[in-house]
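One structure is given here, and the rest of the page talks about it.
The values are calculated or read from the model by the stated rules, or taken from the named source; none is laboratory data. Computed from a prediction, not measured in an experiment: that's the story for all the values here. As a convention, Cβ positions derive from the backbone with ideal geometry for all residues, glycine included, and neighbour counts pool all protein chains shown.
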Amino acid sequence: MVVSAHVVQRLRAAGCVFAEDEARLLVDAAADAAALERLVARRVAGVPLEHLLGWAEFAGLRVAVEPGVFVPRQRTEFLAESAVSWAGPGSRVVDLCCGAGAIAAVVAASVPGVRVWASDVDPAAVRCARRTLAGTRAVVCEGDFDAALPAEWRGGSTCWWRTCRMCRVRRSRGCRLRRGGTSRVLR
Ligand SMILES: C[S@@+](CC[C@H](N)C(=O)[O-])C[C@H]1O[C@@H](n2cnc3c(N)ncnc32)[C@H](O)[C@@H]1O
């Protein structure tokens, strides 16, 4: 299917800044004209583009996202790059509150021999992170903060997490990971 000016106009009128790009992505995702119409209608109604596509681009990788799961932000790429610069072969990197697994995915893809562990309390986020990290050696678990972290990982791991006020995850809860390891938080 070709991208029609009408679709672009509808997206632009709904406030999509990159209407042409979004129209192209929606056309690529739609099996036929009826499916495209449904996608455009939902986008115009305010559904995030990434939730319609089922993926978000993050640092050049495709990260799986489904409705209700936080769409990784471009600014978080800085944190992921920072984690990559700290990690080396054999490092243990923990991505707490991993959401769709974006940070873990960048580390796993960029650092040969790194050991990555990611967890989130939300089953939908865990599902997405497992899809994102499929094909890597990263382990994804469901659990409250670091509850599912293997005991032997509690010391000497470098822990990265990006969270927000809504998460109600207090910094003090990272203390268990700090002994023998390091902790980096981006808010
Ligand atoms: C703002 S999102 C960030 C996701 C990811 N780190 C990113 O930057 O894309 C916060 C995530 O923290 C998770 N979360 C909130 N409270 C949590 C808890 N107590 N234990 C584990 N995960 C939690 C949420 O389910 C959500 O996926």
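Remarks
- Screening segment 76-90 for residues that are surrounded by 18 or more Cβ atoms within 10 Å (Cβ to Cβ) and outside any loop (DSSP other than H, G, I, E, B) and picking the one that is farthest from the ligand (Cβ to nearest atom) gives Val84.
- Residue in segment 43-64 that is modelled with pLDDT of 95 or more, in a strand (DSSP E or B) and surrounded by fewer than 16 Cβ atoms within 10 Å (Cβ to Cβ) present: yes
- Restricting attention to segment 113-153, the residues that are of a type outside the set (A, V, I, L, M, F, W, C) and surrounded by 16 or more Cβ atoms within 10 Å (Cβ to Cβ) add up to 11.
- Where Arg73 falls short, out of the listed (1) without any contact (Cβ under 8 Å) to a residue 12 or more places away in the chain; (2) more than 8 Å from the ligand (Cβ to nearest atom): (2)
- The residues of segment 91-107 that are surrounded by fewer than 24 Cβ atoms within 10 Å (Cβ to Cβ) and either closer than 22 Å to Ala124 by Cβ or among the acidic types (Asp, Glu) (or both) amount to a single one, Cys97.
- Unmet requirement for Arg176, which otherwise passes all of (1) farther than 20 Å from Leu79 by Cα; (2) more than 12 Å from the chain's Cα centre (by Cα); (3) at pLDDT 95 or above: (3)
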